[in-house]
Amino acid sequence: MTRLSIKFCKATKSVTTLRLFTGLLSSLLLAGCTHAPPPALPAIPAAPPIFTDVAAAAGLNYRWVIAGPRPLNILQTIGNGCAFLDYDNDGNLDILLVGPKLALYKGDGQGHFIDVTQKMGLDKLSGHFLGCTVGDYDEDGFDDLYVSGYRTGLLLHNEAGKSFRDVTAQAGLKPQPWGTSAAFAETVPGSGRLDLFVANYAKFGPTDAQLCDSHGIRTSCGPRYYKPIKGVFYRNLGQGKFTDASAAAGLTATSGRGLGAAWAPLAAGEAPSLAIANDEMAGDLLRPSGKGHYADIGTAAGTAFDRDGNIHGGMGTDWGDYDNDGKLDLFVCTFQSEAKSLYHNGGGGLFTDTSYATGLALPTMPRVAFGGKLLDYDNDGNLDVITSNGHVQDNIHEIDTSTAYRQTLQLFRNGGQTPLTFADITAAAGPDFARPLVGRGLAIGDYDNDGKMDVLVVDSEGGPLLLHNVAAPSGHWLEVRLIGTKSNRDGLGATVTAVMGSRSLLRLCHTDGSYLSASDRRVHFGLGGAKKIDSLTVRWPSGHTDTLKDVSMDRQITVKEGVGPMLTAGRLH
């Protein structure tokens, strides 16, 4: 027996003796005492949750199942995505869930959804579908879909909210070898057309390694076992046609093995740049360099590697101005034992990884983060961080007992003070944040139109989580829907700036970001305790700006390019 064991046994015996003596003394005293027992202490109420899962009650009856023997290979655990969209333009968010079979649920704006998959013609589609993106590529006023996947890829045209039609072949799009995240953007300012980027992962087939040995245990192989495949960039020619412009645009120089993709302008008035999060490869940051061409500035900009100059397992990614300095910053989800990188935009095309300085690094390192978004969950005007997590090896517990396949979500609150730090408030977020998941896709949106951002999460070996935002207290808010005229109709790529006294908030109109998923395109502002918005300025992709004065809060508005606000009874139209 070790010294430590002897000490423990002695301590245990002493505690046991003390407990026996105390119990005997209490019994003797109580035997001769007729007084009533003291009143019970009042229970300490549990803190109210920030989010609560309402998927089942809302009507989302869907499950992801990974078929086949265990352990699983890298393709089987890549996961799936989801989307918030408004396919029928009724002002209420609908939900798309992506798997071998697609599922579309129509929302009523009150928290209830009905399955319209068959009605919309999506039940006829099948394939190894993985992710999706949303955008009105033909400017007819209805959200279209691109669905990515392994040896597939579909462009689905929205037939005026009545059905979706597969137009992939006639549009000039081809199946991708392993399509992952995809993103629409107006890359030619003023064209009004949405171009499409589709990230690709790696070469994988029956003749490639399926399982590898790790400490004598068979498990899925890591990404370095597979040759990277580069993404494809499709230029929108109009009339429903696209052409592969990857080489002409310079995108063939990217690293490949892409998992996350998101567009954003790095400077005011500039065409959008494309951030690609690559798995165990240098991250790409493609900035427009003139005449439809892009230069990869990732290494020079500081976003290709982590703080220490190492490559990481880049997965989901997102843009947002987390410190409210008027410049869009970049967040990248990464693998276990790697800090999730938060790249601060210092201007001039230079970024600094602030994950350690802001407190995000250490609490995120134990997780494998896939989905990730910057959102203002409590409407205080500061963008917070949420991630969905889950390991890629379903038997990882046999190899490393310190981790698990299923992992919990994480939520970090932006303190908004200088120096700016994020606090890990996962434990206070609600019991659903303690549920282990195979977390993959994640999207955000205000599905019940109450001014607070909700979250949709994919559990790749379970059902979806629809996390209703019940945060209290919560600040004032504004949600802005954009309608482009010279710019693309969705207003994707526009920036919106709200000024309240000395405070200025910059937000981006986009549906891309996170992992394999698409989010609410309405621009959401948390406004804290502000009394009013002095000015609201929209900088459109065309270069045109619209400015509204003295804007009221706690409502939804629609702004049309060159026209201004359009409001009907507090609801979008």
**OP:** Quick one: which residues, 5+ away or cross-chain, put their amide H under 5 Å from the amide H of Ala245? H built at 1.01 Å from N.
**Re:** Phe233, Tyr234, Arg235
**OP:** Rank Ala253, Ile50, His397 by how far each Cα sits towards the positive end of the charge dipole of the chain (+1 on Lys, Arg Cβ; -1 on Asp, Glu Cβ) and give me just the farthest.
**Re:** His397
Subject >> Förster radius 22 Å - calculated FRET efficiency between Lys241 and Asp90 (Cβ-Cβ, nearest 0.05) >> reply: 0.15
Original post:
Label points 7 Å out from Cα along the Cβ direction at Thr537 and Ala160: separation in nm?
Top reply: 4.0
Subject >> For the range 155-307: relative contact order, % (alpha-carbon pairs under 8 angstrom, 6 or more apart) >> reply: 18
Original post:
Accessible area per residue, 1.4 Å probe, Å², for the chain: what's the number?
Top reply: 40
**OP:** For Tyr356, Tyr294, give the ranking by accessible area with the largest first, probe 1.4 Å.
**Re:** Tyr356, Tyr294
**OP:** Quickly work out the Ala472-to-His215 label distance, labels modelled 7 Å from Cα along the C-beta direction, and quote it in nm with one decimal.
**Re:** 4.7
Subject >> Heavy-atom SASA rank of Asp94, Asp432, Asp123 (probe 1.4 Å, accessible area, largest first) >> reply: Asp123, Asp432, Asp94
Original post:
What list of ³J(HN,Hα) couplings, whole Hz, do you get for the range 404-420 from phi and the Karplus terms 6.51, -1.76, 1.60, once you set θ to phi - 60° and write x for glycine and proline?
Top reply: 8, 5, 7, 9, 8, 5, 9, 10, 10, 8, 7, x, x, 9, 9, x, 6
Original post:
How much of the accessible area of the chain, in percent, comes from carbon and sulfur atoms when a 1.4 Å probe is used?
Top reply: 58
Original post:
After finding the eigenvalues of the alpha carbon gyration tensor for the chain, what semi-axes result from the square roots of 5 times each, listed largest first in whole Å?
Top reply: 42, 30, 24
Subject >> For Asp53, solvent-accessible area (1.4 Å; no DNA, RNA or ligand), Å² >> reply: 40
Original post:
Tell me, what ³J(HN,Hα) does each residue in the range 378-391 have, in order and in whole Hz, if you take phi through Karplus 6.51 cos²θ - 1.76 cosθ + 1.60 with θ = phi - 60° and put x for Gly and Pro?
Top reply: 10, 6, 9, x, 10, 7, 9, 10, 10, 9, 10, 10, x, 6
Original post:
Which stretch or stretches of the range 462-491 have amide N atoms under 14 Å from the point lying 7 Å from Val65's Cα along the Cα→Cβ direction?
Top reply: 462-463
Original post:
For the range 481-559, what is the relative contact order in percent, using Cα pairs closer than 8 Å and at least 6 residues apart in sequence?
Top reply: 33
**OP:** Could you tally the net charge around Asn345, taking each other residue with its Cβ under 11 Å from the Cβ of Asn345, Lys/Arg +1 and Asp/Glu -1?
**Re:** -3
Original post:
Could you give the distance between the Cα centres of the range 378-405 and the range 136-184, to the whole Å?
Top reply: 30
**OP:** Once you have the Cα-Cα distance between Arg435 and Asn310, take 0.36 nm times their residue separation minus that, and quote the gain in nm to one decimal.
**Re:** 41.8 nm
Original post:
Around Thr252, what is the net charge, scoring Lys/Arg as +1 and Asp/Glu as -1 over all other residues with Cβ under 12 Å from its Cβ?
Top reply: -2
Original post:
Rounded to the nearest 500, what is the chain's calculated 222 nm mean residue ellipticity when only DSSP H runs of at least 4 contribute -39500 (n - 2.57) each, over all residues?
Top reply: -2500 deg cm²/dmol
Subject >> Helix axis angle, 3-31 relative to the chain longest principal axis, alpha carbon, degrees >> reply: 70
Subject >> Ranked order, Asp450, Asp86 - accessible area, probe 1.4 Å, largest first >> reply: Asp450, Asp86
Subject >> Per-residue SASA entry for Val116, accessible area with 1.4 Å probe, Å² rounded to 10 >> reply: 10
Original post:
With every protein chain present, what accessible area does Met453 have (1.4 Å probe, heavy atoms only), rounded to the nearest 10 Å²?
Top reply: 10
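The values are calculated or read from the model by the stated rules, or taken from the named source; none is laboratory data. The structure displayed is predicted, hence computed values, not measured ones. Cβ: placed from backbone, ideal geometry, glycine included. Neighbour counts: every protein chain shown. In case anyone asks, the SASA skips ligands and DNA or RNA and just uses the protein heavy atoms, side chains included. Shrake-Rupley method; radii C 1.70, N 1.55, O 1.52, S 1.80 Å.
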